[in-house]
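Trainee: The structure follows.
Values in this text are rule-based calculations from the coordinates and carry no lab data. If you're wondering where the values come from, they're calculated on a predicted model, not measured in any experiment. Reconstructed Cβ throughout: ideal geometry from the backbone, glycine too, with neighbour counts over all protein chains shown.
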Amino acid sequence: MTNGSSPAGCRAGAGHHVNVNDRGDPMPLSPELLSILVCPACKGDLVYEEGLRRLTCNACRLRYRIEDDIPVMLVEEAEKF
Ligand SMILES: [Zn+2]
């Protein structure tokens with residue numbers, strides 16, 4: 001009647017995911033979409049500011065906002081900076 005040694009039940013690394021994103025972070029814009037987007041005013045490259053959810057044209061000094069993951073590529077809607 002031996003009471004065995006400690007039961008080998010320590011399972012390390014069973015897929016335990018920590019929930020980091022329960023705020024429902026928005027999806028980032030896809031790289032394909034970003035690569036085809038240009039400034040509607042000068043047709044130049046835009047800088048995607050992910051944290052700020054906007055696209056910036058440094059040549060025109062205009063900022064285009066992103067609404068519901070869709071960039072608003074309208075010069076009249078853009079914000080000067
Ligand atoms: Zn521009």
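Trainee: Which order do the peptides 60-68, 42-50, 29-37 come out in when sorted by mean C-beta neighbours inside 10 angstrom, highest first?
Mentor: Numbers: 60-68: 15.9, 42-50: 13.7, 29-37: 11.3.
Output ranking for 60-68, 42-50, 29-37: 60-68, 42-50, 29-37.
Trainee: Taking the Cα centre of the stretch 41-80 as the origin, how large is its charge dipole in debye, to the nearest 20, when only Lys and Arg (+1) and Asp and Glu (-1) carry charge on their Cβ atoms? Can you show the working numbers first?
Mentor: Working: 7 positive and 9 negative charges, 52 e Å.
That gives the stretch 41-80 a dipole magnitude of about 240 debye.
Trainee: For the stretch 35-50, in order, what is each residue's ³J(HN,Hα) by Karplus, 6.51 cos²θ - 1.76 cosθ + 1.60 with θ = phi - 60°, in whole Hz (x at glycine and Pro)?
Mentor: My calculation for the stretch 35-50 gives 6, 9, 7, 10, 5, x, 7, 10, 6, x, 5, 10, 9, 8, 9, 4 Hz in order.
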